[in-house]
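Presented below is the structure to which this report refers.
The values are calculated or read from the model by the stated rules, or taken from the named source; none is laboratory data. Note that the structure is a prediction, hence the values are computed from the model and not measured. Backbone-built Cβ (ideal geometry, glycine too); neighbour counts: all protein chains shown. For accessibility, only protein heavy atoms count, side chains too; no ligands or nucleic acids. Shrake-Rupley method; radii C 1.70, N 1.55, O 1.52, S 1.80 Å.
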Amino acid sequence: MSTFALDNPVWNRLRDPRTAGIAGIVLGVVACFVALPPITARSPLYPVLVGIAAAILGLSAALRGLRRLGWGAFAAGLIGIVLGVLATRSSEGNLSIVFTASLIASMFVFSTPLVFGSMAGIFSERSGVVNIGLEGMMLMGAFWGVYGADKGKSWAVGILVAMLAGGLLALVHAYFAIHLRADQIVGGTAVNFLALGITGYFFFQLYNGQDIPIGVSTIPDVHLPYIRHWKYIGPAIGSLNLLVWVSFALVIVTWFVLFKTPIGLRIRACGEHPRAADTVGINVYAIRYGCVVLSGMLAALGGAYLSIGFGGGAYTDNMTAGRGFIALAAMIFGNWRPFGAFGAALLFGFSTALAYRLPAYSGSAATLFQALPYVLTLIAVAGVVGRTVPPAADGKPYKKQ
Amino acid sequence: MTDELVLEMRGITKKFPGIVANDDVSLDVRKGEVHALLGENGAGKSTLMNILYGLYKPDEGQLLLQGKPAVFGSAKDAIQAGIGMVHQHFMLIPVMTVAENIVLGNEPVRDGVLLDERGAEERVRELSKQYGLAVDPTALIADITVGQQQRVAILKALYRGAEILILDEPTAVLTPQEATELFGIVRSLRADGKSIIFISHKLNEVLEIADRITVLRRGKKVATVSREGATEESLARAMVGRDVLLRVDKPPAEAGEPLLQVDDLHVFDDRGIEKVRGVSFAVRAGEIVGIAGVDGNGQSELIDAIAGLRKIESGTIELAGRTLEHATAREMLDAGLGHIPEDRQVRGLVLEFTIAENIALHDYAEPPDAKWGWLFPKKLVERARTLIREFDVRGGGPLSRAGTLSGGNQQKVVVAREIARDPRVLIAAQPTRGLDVGAIEFLHRRLVDERAEGRAILLVSLELDEILSLSDRILVLYEGELVGEHGADVSEEEIGLEMLGGRRTAA
Ligand SMILES: Nc1ncnc2c1ncn2[C@@H]1O[C@H](COP(=O)(O)OP(=O)(O)OP(=O)(O)O)[C@@H](O)[C@H]1O
Ligand SMILES: [Mg+2]
């Protein structure tokens with residue numbers, strides 16, 4: 001790039017490989033979006049040009065040492081071209097079915113359990129306990145939420161029962177991880193199977209494994225009075241489920257608690273250097289127990305959302321279907337930070353929502369697209385987004401002397 | 001200093017499985033005094049202080065604060081009673097700021113629930129002004145030097161209102177300049193009426209700073225003496241129980257062929273900064289070459305490069321006549337390199353392994369440890385037992401976990417392993433860090449003996465004393481370049497000047 005020795009601020013910026021790489025990724029996304037509503041460019045030239053620019057920027061970053069980011073941007077450019085060109089070749093009618101404002105709404109539908117799960121993971125892991133049992137805690141929330149709502153005749157009871165069940169299961173994990181200093185991955189896996197067993201057993205015992213009565217009390221949607229009728233925004237956020245809004249609030253609260261309060265400082269200290277926390281009189285065990293149990297309750301909320309939230313009061317065996325693990329990936333993607341994890345959850349939610357709409361084009365391709373969130377998960381875990389740094393003592397049992 | 005006693009420890013006994021770490025130890029501390037605690041490695045100093053700080057419970061004995069009995073269930077109780085401790089390994093969190101580390105557990109609060117970051121920084125600034133301990137409250141711990149980290153650790157104790165301050169081997173990791181600064185701080189704290197318990201293996205430091213000195217030997221208290229009348233020799237004798245040679249005698253070197261040859265070496269650190277910039281030197285059979293320098297001038301990178309632990313940017317390394325290009329650590333070891341690494345806990349030992357396993361770490365796959373891919377644990381234990389005796393490792397047998405040994409004894413295990421494999425070239429990086437005088441005497445003598453065996457020894461140390469007393473030739477490393485080469489008869493001042501870059505700026 002040094003041949004372009006122009007004294008131009010934009011060029012100067014782009015000569016920094018990092019900026020070039022990030023710009024490349026952004027352009028890669030743009031390449032695909034120019035062909036979609038509301039812009040809907042109809043000539044394949046636009047996505048191709050933008051995509052090539054993205055690839056060049058990516059290449060320049062990669063050749064200057066930033067390999068991951070650079071090749072990532074290069075790939076984003078190519079994918080942008082392919083998707084963009086495909087979009088220009090499909091009918092406008094199809095496009096507007098898939099890419100409507102309600103796509104945003106359905107992104108929130110799919111991301112909400114992940115938001116709860118990832119915040120749950122953040123609390124647990126920031127205190128130093130790896131919580132791979134999120135999946136099971138979510139599943140407990142899903143089943144016992146529906147049970148509580150059914151027997152208690154109120155979704156509020158359902159939520160309470162769900163949180164109680166999630167918290168109890170988390171307590172089991174905490175006991176093994178903190179008290180017995182067992183391996184936390186093994187313990188978490190055991191907890192997942194335990195949840196599968198418990199919910200499976202009671203689902204069969206209590207509901208014969210199928211008939212949850214119709215008309216179970218469900219968590220209401222929030223209909224925003226005026227905004228509902230606005231263009232674009234209305235369909236997007238005008239009538240979301242109550243728990244969706246709660247999940248937004250939870251992100252802010254999580255950030256606030258962890259980074260703005262004394263208790264948050266102590267939680268992070270336990271996850272980074274428990275002995276240091278111990279020597280200033282912080283009760284490491286108490287903090288970790290508290291965080292893991294809280295983690296279980298939050299994960300259960302995400303599960304309850306699946307059954308009595310958008311699920312409309314239905315339950316099926318193993319209803320969570322791996323969402324707990326994806327939430328974990330979102331947490332890692334977001335570098336153990338609330339807003340980062342939120343962004344990752346939205347991305348996963350978006351890709352799922354998209355996958356659900358693609359049958360408008362071709363059924364077989366859509367099935368393939370349903371793997372998108374999992375592919376993103378792999379990418380996240382492989383650390384393409386830059387090196388993620390877990391809390392230093394994450395997963396390490398603490399032993400007082 | 002007054003005669004008022006702020007602290008009395010009476011008849012403290014603490015047993016660990018297989019060892020009595022403290023045996024009926026009594027200690028009293030006056031208001032406004034610096035009380036030094038001396039003793040060999042594993043004598044029980046850290047244990048005694050951990051009891052005082054509420055981390056261990058004594059099996060027997062009593063604590064009196066200002067004449068009143070006190071029982072500490074946890075560090076929290078001790079902190080509340082006005083006791084502060086700066087641990088041998090600092091208890092600081094690298095990813096947090098100075099202010100956050102200092103207030104942790106005792107945070108100032110604003111509006112009922114909020115962490116008052118401003119207020120915390122303000123308090124830290126006040127404290128740091130009051131005691132003359134300069135720190136930047138907003139800096140991350142990971143970004144500041146070890147000397148600054150220590151100031152943070154001291155401030156952390158003062159923030160909690162410590163009246164009795166325990167400093168466990170505070171100078172072991174400091175450069176001489178930083179140590180001098182620390183003494184200034186200790187003096188001003190003493191003038192402020194605080195009492196300080198000071199643990200160190202460096203007798204000259206103890207004589208410089210302490211008012212009274214208590215000596216422990218093998219868990220028992222030997223004596224408490226006042227500084228007046230004490231000498232390095234008398235203290236060393238009290239510690240070890242026999243006369244100690246504080247300086248090694250060595251015949252002049254009979255250097256042979258060069259065994260280690262480094263030519264125009266360039267090495268980068270993890271952040272991509274060039275730390276070794278065109279270094280060339282040779283170490284011949286039967287000589288000790290010392291590398292002097294202030295910490296952070298490229299010593300670690302140089303050693304890592306030679307040991308095959310860090311990528312070489314350019315240049316060559318020749319070991320016993322073979323040029324090794326981009327050799328792995330294993331290839332270097334097989335070529336005849338012994339390496340006593342500078343950080344025993346990270347690089348030297350697997351703390352979770354037993355002593356026997358640690359000793360077998362390099363040669364576990366070869367006879368007599370193993371044959372046809374089959375390991376013979378009995379052989380490991382036997383070999384470990386011999387070495388434990390030969391190198392006087394105390395506090396455990398072949399099957400004890402390395403992590404339970406005291407710092408100094410851990411070091412001896414590493415040294416034993418490296419010397420026992422009969423290397424042609426031996427790199428000794430900070431070989432005596434944390435060792436007591438007796439152990440230092442032993443190790444120094446051993447290095448001189450190894451020299452006589454015809455090994456080439458490269459000694460890297462921050463202790464100028466050590467370099468001067470052991471080396472046949474001395475190289476001075478400054479900002480990644482060799483700025484001076486001297487015979488053994490060079491003066492301390494001359495090297496000191498070069499270490500600070502005096503020569504280069506003058507030229
Ligand atoms: N947690 C523990 N478990 C078992 N043994 C221990 C433990 N802590 C210390 N010891 C043993 O107690 C003895 C005293 O150890 P301590 O750490 O007090 O020595 P020290 O005087 O501080 O030595 P150094 O100068 O090497 O730091 C040693 O033999 C050590 O092996
Ligand atoms: Mg010690």
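Data table
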read-out: A:LEU36 long-range amide H proximity, modeled H, under 5 Å; value: A:ALA41
read-out: Accessible area buried between chains B and A, both sides summed, probe 1.4 Å, in Å² to nearest 100; value: 1900
read-out: Shielding by partners, peptide A:259-267 (average Cβ within 10 angstrom, other chains); value: 5
read-out: Stokes-Einstein diffusion coefficient of region B:140-227, Kirkwood radius over Cα pairs, 4 °C, 1.567 mPa s, in µm²/s; value: 92
read-out: Of all accessible heavy-atom area on chain A, the percent that carbon and sulfur account for (1.4 Å); value: 70
read-out: Heavy-atom accessible area, 1.4 Å probe, ligands and nucleic acids excluded: residues of region B:94-118 down by at least 20 Å² from chain alone; value: B:VAL95, B:MET96, B:GLU100, B:LEU104, B:GLY105, B:GLU107, B:VAL113, B:LEU114, B:LEU115, B:GLU117
read-out: Peptides ranked, highest mean first, by Cβ atoms within 10 Å: ranges A:335-346, B:188-199; value: A:335-346, B:188-199
read-out: Sorted peptide list for A:128-141, B:258-271, criterion being average Cβ within 10 angstrom, highest first; value: A:128-141, B:258-271
read-out: Solvent-accessible ranking of B:LYS371, B:LYS378, B:LYS311, largest area first, probe 1.4 Å; value: B:LYS378, B:LYS311, B:LYS371
read-out: Rounded percent of accessible protein surface that carbon and sulfur make up, chain B, 1.4 Å probe; value: 49
read-out: A:TRP230 - accessible surface, heavy atoms, 1.4 Å probe, Å² rounded to 10; value: 140
read-out: Region A:230-284 - convex hull of the alpha-carbon atoms, volume per residue in Å³; value: 94
read-out: 5 angstrom amide H check on B:VAL6, placed H, neighbours 5+ away; value: B:VAL29, B:ARG30, B:LYS31
read-out: Residues of region B:126-153 with amide N under 19 Å of the 7 Å Cα→Cβ point at B:SER188; value: B:126-138, B:145-153
read-out: Extension gain from B:GLU493 to B:ALA142, taking 0.36 nm per residue of separation minus the Cα-Cα distance; value: 123.1 nm
read-out: Size of electric dipole in the protein assembly as shown: Cβ of Lys, Arg +1 and of Asp, Glu -1, about Cα centre, debye, nearest 20; value: 3140
read-out: All-pairs alpha carbon distance profile, chain B, 10 Å steps from 0, percent; value: 4, 17, 27, 26, 18, 7, 1, 0
read-out: Percentage of interatomic Cα-Cα distances in region B:182-280 larger than 23 Å; value: 56
read-out: Debye equation applied to the C-alpha atoms of the protein assembly as shown, log10 I(q)/I(0) at 0.09 Å⁻¹; value: -1.11
read-out: log₁₀ of I(q)/I(0) at q = 0.29 Å⁻¹ - region B:318-380, Debye sum with one point per alpha carbon; value: -1.17
read-out: Average Cα contact separation per residue, region A:101-384, under 8 Å, 6 or more apart, as relative contact order %; value: 36
read-out: Percentage of interatomic Cα-Cα distances in region B:202-244 larger than 12 Å; value: 56
read-out: Proximal charge balance of A:PHE259 [Cβ under 14 Å; K/R count +1, D/E count -1]; value: 0
read-out: Accessible area, probe 1.4 Å, largest first, for residues B:ASP28, A:ASP278; value: B:ASP28, A:ASP278
read-out: Solvent-accessible heavy-atom area per residue, rounded to whole Å², over chain A at 1.4 Å; value: 45
read-out: Area of B:THR432 that stays accessible when all protein chains are in place (1.4 Å probe, Å², to 10); value: 10
read-out: √(5λ) per eigenvalue of the Cα gyration tensor, chain A, largest first, Å; value: 38, 30, 17
read-out: Residues of region B:319-370: accessible area per residue with a 1.4 Å probe, Å²; value: 49
read-out: Rg and Dmax of region B:25-135, Cα atoms only, in Å; value: 17.0, 51
read-out: Shape call, region A:7-91: gyration tensor on alpha carbons, a/c limit 1.5; value: prolate
read-out: Phi-based couplings in Hz for region B:100-112 (Karplus 6.51, -1.76, 1.60; Gly and Pro marked x); value: 4, 4, 5, 8, 3, x, 8, 6, x, 10, 10, 6, x
read-out: Pair A:TYR285, B:GLN177: separation of 7 Å Cα→Cβ label points (nm); value: 4.7
read-out: Positions from region B:64-93 whose accessible area shrinks by 40 Å² or more when the full protein complex is built, not the chain alone, probe 1.4 Å; value: B:MET91, B:ILE93
read-out: Cα long-axis angle, helix B:146-159 against chain B (0 to 90 degrees, to the nearest 10); value: 10
read-out: Those aspartates and glutamates that a straight Cα-Cα span of less than 17 Å connects to B:LYS57, excepting residues fewer than 8 apart in one chain; value: A:ASP278, B:GLU8, B:ASP23, B:ASP24, B:ASP77
read-out: Table column - 3J(HN,Hα) (Hz), region B:303-318, Karplus curve with 6.51, -1.76, 1.60, x for Gly and Pro; value: 5, 4, 5, 5, 7, x, 9, 9, 5, 8, 6, 7, x, 10, 10, 10
read-out: Largest-first principal axis extents, alpha carbons of region B:117-271, Å; value: 64, 52, 25
read-out: Pairwise FRET efficiency - A:SER154 versus A:ILE214, Cβ, R0 = 25 Å, nearest 0.05; value: 0.95
read-out: Contour excess over end-to-end distance, with Cα ends at B:GLU254 and B:ARG271 and 0.36 nm allotted per residue; value: 2.0 nm
read-out: For residues of A:279-286, the mean tally of beta carbons on other chains within 10 Å; value: 6
read-out: With Cα atoms, 0 to 90° folded angle of helix A:17-33 axis to chain A main axis; value: 90
read-out: Cα-based equivalent ellipsoid of region B:5-240: semi-axis lengths in Å, sorted from largest, via gyration tensor; value: 30, 21, 16
read-out: Surface accessible to a 1.4 Å probe, per residue, for the residues of region B:410-484, Å²; value: 25
read-out: Per principal axis, descending, Cα span of region B:348-422 in whole Å; value: 36, 24, 19
read-out: Solvent accessible area, Å² - A:SER90, 1.4 Å probe, full protein context; value: 10
read-out: Table column - 3J(HN,Hα) (Hz), region A:197-207, Karplus curve with 6.51, -1.76, 1.60, x for Gly and Pro; value: x, 4, 5, x, 4, 6, 4, 6, 4, 8, 10
read-out: Shape metrics for region A:175-305, restricted to C-alpha atoms - Rg then Dmax, Å; value: 20.5, 58
